[in-house]
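What follows is one structure encoded as structure tokens, with my remarks underneath.
The values are calculated or read from the model by the stated rules, or taken from the named source; none is laboratory data. Everything quoted here is computed from the prediction, not taken from an experiment. We place every Cβ from the backbone using ideal geometry, glycine too, and count neighbours over all the protein chains shown. Heavy atoms of the whole protein, side chains included, go into the accessibility calculation; ligands, DNA and RNA do not. Shrake-Rupley method; radii C 1.70, N 1.55, O 1.52, S 1.80 Å.
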Amino acid sequence: MNTKSQEEILRIVKNIDKRPMIIGVTGRVAIGKSTFATELNELFLKNGYDSNILSTDHFLYSNRDLEDKKVKDPRGFPKSYDSDKLRDALLNIKNGVDVKHPVYSHTTYDILDEFQTYEIADINIVEGVNIFYDNNDDVYFKGCYDIVFYLDTDKENTWNWYLKRVHFHIDQCEDEDNFFYPFKSMSDEEIERESKKYWEGINEVNDEKFIEPTKDLSDYVVNFDSDHEIISIINNKK
């Protein structure tokens, strides 16, 4: 994150005299939400703020729950989240209470049989693709955030970053239970073809139907170039 963007974000936060504060970070798959949230967290800690990050991935239903509830929408769509648990977590944060939550694994793409405790902070960064929706596809959580940053870029950039991330996961995985293990025997062309199926059949549909419409609900739009550098932070509520 460049110096100009850091100064702009610090100015935005200083103008909100509310603690605990909840900052939402959203945008399409592979836009860099986790990276941006981490950079925000480091920026706030460096400047004397108490800060922490909570991912909405931890509030996805487990694969077993999705099957039991007969949820047909793919993982990452609003109906695949346990919105009751997410609601309780956001209410706890607002009331200054730590949050005990399940743990999502990006290795198995499932909820693990364990829990973690999120420690409340003055600034709480909640990041995920569908931070506004409950599992009835309603924007139930619209009023839960004090600021929301919507991350945006050309769609071709996010496809390229998605494919790069797929290759990274393939290179890193050694466990046969890993979602990406079957990809290890594929050629680059096969990997791109299979990844394109996920991208067009799931991620683009999620973006067009649910994620992109929440751009208008967000307070600031953060625009990135193809090198993932911030080129502008636009006040969306002027």
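Rounded to the nearest percent, how much of the accessible area of the range 112-180 (1.4 Å probe, protein heavy atoms only) is carbon and sulfur?
41 percent
Could you pull the Cα extents of the range 160-212 along its three principal axes, largest to smallest, in whole Å?
35, 22, 16
Find the centroid of the Cα atoms in the range 1-30 and in the range 38-66, then give the distance between the two in whole Å.
The range 1-30 and the range 38-66 have Cα centres spaced 14 Å from each other.
Residue by residue through the range 52-65, which ³J(HN,Hα) values in whole Hz follow from phi under the Karplus form 6.51 cos²θ - 1.76 cosθ + 1.60 (θ = phi - 60°), with glycine and proline marked x?
7, 10, 10, 8, 6, 4, 5, 10, 5, 5, 5, 4, 5, 5
Once R0 is set to 41 Å, what does the formula 1/(1 + (r/R0)^6) return for the Cβ-Cβ distance between LEU91 and PHE179, expressed as a FRET efficiency to the nearest 0.05?
So, using R0 = 41 Å, E works out to roughly 0.80.
How much accessible area does ASP146 have with a 1.4 Å probe, in Å² rounded to the nearest 10?
Near enough 40 Å² of accessible area.
Nearest 20 debye, what's the magnitude of the dipole of the range 124-204 about its Cα centre given +1 on Lys and Arg Cβ and -1 on Asp and Glu Cβ? Let's see the in-between values first.
Values: 8 positive and 20 negative charges, 34 e Å.
Around 160 debye, computed over the range 124-204.
Among the GluC sites (Glu not before Pro) in the range 184-238, which ones are in a DSSP loop with at most 13 other Cβ atoms within 10 Å of the Cβ? Mind listing them?
Details: sites: GLU189, GLU190, GLU192, GLU194, GLU200, GLU204, GLU208, GLU229; in loops: GLU229.
Passing both the DSSP loop test and the Cβ count: GLU229.
I'd like the GluC sites (Glu not before Pro) in the range 123-179 restricted to DSSP loop residues with at most 10 other Cβ atoms within 10 Å, sorted by number.
Details: sites: GLU127, GLU156, GLU174, GLU176; in loops: GLU174, GLU176.
Taking the range 123-179 and a limit of 10 other Cβ atoms within 10 Å, the loop GluC sites (Glu not before Pro) found are GLU174, GLU176.
Quick one: which residues, 5+ away or cross-chain, put their amide H under 5 Å from the amide H of LEU54? H built at 1.01 Å from N.
ILE125, VAL126, GLU127
With a 1.4 Å probe and all protein chains in place, put MET1, MET21 in order of accessible area, largest first.
If we order MET1, MET21 from most to least accessible, we get MET1, MET21.
From the phi angles alone, apply the Karplus equation (6.51, -1.76, 1.60; θ = phi - 60°) to the range 94-100 and give each ³J(HN,Hα) in whole Hz, x where the residue is Gly or Pro.
4, 8, x, 10, 4, 10, 8
Starting from the Cα of LYS18, draw a straight line to each of the aspartates and glutamates and keep only those under 12 Å, dropping any in the same chain fewer than 8 residues away.
ASP122, ASP146
Each residue of the range 108-117 in order: what ³J(HN,Hα) in whole Hz does its phi give by Karplus 6.51 cos²θ - 1.76 cosθ + 1.60, θ = phi - 60°, with x for Gly and Pro?
With coefficients 6.51, -1.76 and 1.60, one gets 9, 6, 8, 7, 7, 8, 7, 10, 10, 10 Hz.
Number of Lys-Lys pairs in the range 106-222 under 19 Å by Cα, sequence gap 8 or more or different chains?
14
Among DSSP beta bridges lying fully in the range 121-238, give the percent that are antiparallel, nearest 5.
55 percent
Using helices alone, I'd like the mean residue ellipticity at 222 nm for the chain: each DSSP H run of four-plus residues gives -39500 (n - 2.57), total over residue count, nearest 500. Before the final figure, lay out the partial values.
Values: 6 runs with 73 residues, N = 238.
Helix contribution divided over all residues of the chain: -9500 deg cm²/dmol.
Using alpha carbon coordinates only, what is the Rg to Rh ratio of the chain, with Rh defined as the Kirkwood radius?
On the way: Rg = 17.8 Å, Rh = 18.7 Å.
Rg/Rh: 0.95.
Where only protein heavy atoms count, and the probe is 1.4 Å, what is the accessible area per residue for the chain in Å²?
Here the residues of the chain average 53 Å² of exposed surface.
Per 10 Å bin from zero, what fraction in whole % of the C-alpha pairs of the range 9-83 is there, up to the bin with the longest pair?
16, 38, 26, 15, 4
With springs connecting C-alpha atoms under 10 Å apart, model the chain as a Gaussian network and identify which of LEU60, LEU112, LEU40 has the largest mean-square fluctuation.
Comparing LEU60, LEU112, LEU40 in a Gaussian network model of the chain, the most mobile one is LEU112.
Quick check: the distance between the Cα centres of the range 86-127 and the range 139-197, to the nearest angstrom?
That distance is 22 Å.
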